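*Asks:* For reference, the structure I am asking about is given below.
Just so you know, all these numbers are worked out from the coordinates, no wet-lab data involved. What you see is a predicted model, and the numbers here were worked out from it, not measured in a lab. Cβ: placed from backbone, ideal geometry, glycine included. Neighbour counts: every protein chain shown.
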Amino acid sequence: MIWRPSRRAVLAGGVAALAGPTRAAGDTAVPPAAVTQRRPAIPRRDASGLHLEDETGAPVPLARFAGEVLVVNLWATWCLPCRREMPSLARLAAALEDAPVRVLPLSFDRGGAATVLRFYRDIGVTTLPVLIGDGQNLKAALGIRRLPTTLILDGAAHHIATVGGEAVWDDPQTETWLRGLA
């Protein structure tokens, strides 16, 4: 059985539990490649009901990316594994500029776009968009509550695979897998 914290537990300080296992200070172990952690989405679900907003608060419909494979990373700046994998996602986005594959990091920070922009600036990320999500919508649309989780959506916004937990995204095998989905 997977433990899912209640809202009360999260607000009381159980936030770290949402991120899953963490590494001890000084642990330099590299997480596995995303391609090795992928699991098929069974059944495939229509993700078009997932709400995204850009840094100005304007809606960003998934239909805008029709025909492209989407790597939708669900994350927050308070989530240590999320923070650690963001540079790898940024490098993946740069490597896939020529492919019909888009990396869309969807933040669930209460501080909104300002918090994400500050984090991107602090770590030198320039290749990723600022997108803000709503936790209740995420749960209603896809039943997901754990961060980090990455959804792979096909060109019709169907959820086809999931990578749960921290992963390396910019390795050659993961890049080849994503290009093969396009």
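*Asks:* Can you tell me how many residues within the range 143-177 are surrounded by 21 or more Cβ atoms within 10 Å (Cβ to Cβ) and assigned to a helix (DSSP H, G or I)?
*Replies:* 1
*Asks:* Sticking with this one: Considering every residue within the range 153-167, establish whether at least one is over 19 Å from Ala47 (Cβ atoms), hydrophobic (A, V, I, L, M, F, W, C) and touching a strand residue (DSSP E or B) at 6+ places or on another chain (Cβ under 9 Å).
*Replies:* Going residue by residue through the range 153-167, those that are over 19 Å from Ala47 (Cβ atoms) are 165-167.
When the remaining residues are screened for being hydrophobic (A, V, I, L, M, F, W, C), the result is 167.
Still in the list and also touching a strand residue (DSSP E or B) at 6+ places or on another chain (Cβ under 9 Å): 167.
Looking through the range 153-167, at least one residue is over 19 Å from Ala47 (Cβ atoms), hydrophobic (A, V, I, L, M, F, W, C) and touching a strand residue (DSSP E or B) at 6+ places or on another chain (Cβ under 9 Å).
*Asks:* Need a quick list: helices (runs of 4 or more DSSP H) entirely within the range 23-137 having at least 3 residues that are out of contact with any strand residue (DSSP E or B) (no Cβ under 8 Å at 6 or more places or on another chain) and not charged (D, E, K, R).
*Replies:* 80-95, 112-123
*Asks:* Over 15 Å from the mean Cα position of the chain (by Cα), at negative phi and without any contact (Cβ under 8 Å) to a residue 40 or more places away in the chain, is that true of Ala156?
*Replies:* Spelling it out, it is not the case that Ala156 is over 15 Å from the mean Cα position of the chain (by Cα), at negative phi and without any contact (Cβ under 8 Å) to a residue 40 or more places away in the chain.
*Asks:* Now a separate question. So which residues in the range 166-182 are under 15 Å from Met86 (Cα atoms) and of a type in the set (Gly, Ala, Ser), if there are any at all?
*Replies:* Result: Ala167, single match.
*Asks:* Every residue in the range 101-117 that is more than 18 Å from Ala66 (Cα to Cα) and in contact with a helix residue (DSSP H, G or I) (Cβ under 6 Å, 6 or more places away or on another chain), please.
*Replies:* Ser107, Phe108, Asp109 - these are the residues of the range 101-117 that are more than 18 Å from Ala66 (Cα to Cα) and in contact with a helix residue (DSSP H, G or I) (Cβ under 6 Å, 6 or more places away or on another chain).
*Asks:* Among the residues of the range 118-136, which ones are touching a helix residue (DSSP H, G or I) at 6+ places or on another chain (Cβ under 6 Å), under 18 Å from Leu96 (Cβ atoms) and hydrophobic (A, V, I, L, M, F, W, C)?
*Replies:* Val125, Leu128
*Asks:* Right, Pro87: crowded, with 19+ Cβ neighbours inside 10 Å, under 25 Å from Arg179 (Cβ atoms) and in contact (Cβ under 8 Å) with a residue 12 or more places away in the chain or not?
*Replies:* No: the conditions fail for Pro87.
*Asks:* Now for a different question. Out of everything in the range 130-142 that is small (Gly, Ala, Ser) and surrounded by fewer than 20 Cβ atoms within 10 Å (Cβ to Cβ), what residue ends up being farthest from the chain's Cα centre (by Cα)?
*Replies:* Filtering the range 130-142 for residues that are small (Gly, Ala, Ser) and surrounded by fewer than 20 Cβ atoms within 10 Å (Cβ to Cβ), the one farthest from the chain's Cα centre (by Cα) comes out as Ala140.
*Asks:* I'd like the full set of residues that are within 21 Å of Ala93 (Cα to Cα) and among the acidic types (Asp, Glu), limited to the range 37-83.
*Replies:* Listed by number, the residues that qualify are Glu53, Asp54, Glu55, Glu68.
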